[in-house]
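Single-structure report; data block below.
Please treat every number below as a calculation from the coordinates, not as lab data. The structure presented is a predicted model; accordingly, all values stated were derived computationally and were not measured. Cβ placement follows ideal geometry from the backbone for every residue including glycine, while neighbour counts extend to all protein chains displayed.
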């Protein structure tokens, strides 16, 4: 194989469609735009959501509920899964820094521990929030909680 023998794979190179360059090109006349109308004119731009005068779907659908500006989106961890995470990532202290280093949360996440499951390991927790059931389970296992 030499440089002058190289060529692209069969069917990978397409010929450019030259529209509006005469009848002989096959794309002359109306230049593939059909006959007359707004879409055939120069400078036409289709607007997002425009349905040709029909009431757009985003206006036909009713509004539902609302989004609270004060909502706090917690990244939650159940105590039933914590033993698995502690073993897998060899976490000595359950803090935001350790969780971020191991890729379990992003830098801006707010962490809450929930009480679904059983806690077997004694552990120090430094998190943003803890449910009552989780707090009781952690303290029963001999662990401690520090709220940030």
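Multiplying the sequence separation of residue 118 and residue 69 by 0.36 nm and subtracting their Cα-Cα distance, what value in nm do you get? Before the final figure, lay out the partial values.
Numbers: separation 49, 0.36 × 49 = 17.64 nm, distance 3.41 nm.
Result for the pair: 14.2 nm of gain on full extension.
Give the separation of the Cα centroids, segment 106-128 to segment 1-59, in Å.
Computed from Cα coordinates, the inter-centre distance equals 56 Å.
What nm distance separates the two modelled labels at residue 132 and residue 14, each placed 7 Å from Cα along Cα→Cβ?
Between residue 132 and residue 14, the simple spin-label model gives 6.5 nm.
Say each of residue 35 and residue 51 gets a label point 7 Å from the Cα, pointing the same way as Cα to Cβ; how far apart are those two points in nm?
2.9
Name the residue, out of 91, 57, 19, whose mean-square fluctuation peaks in a Gaussian network model built on the chain with Cα pairs under 10 Å.
Residue with maximal mean-square fluctuation among 91, 57, 19: 19.
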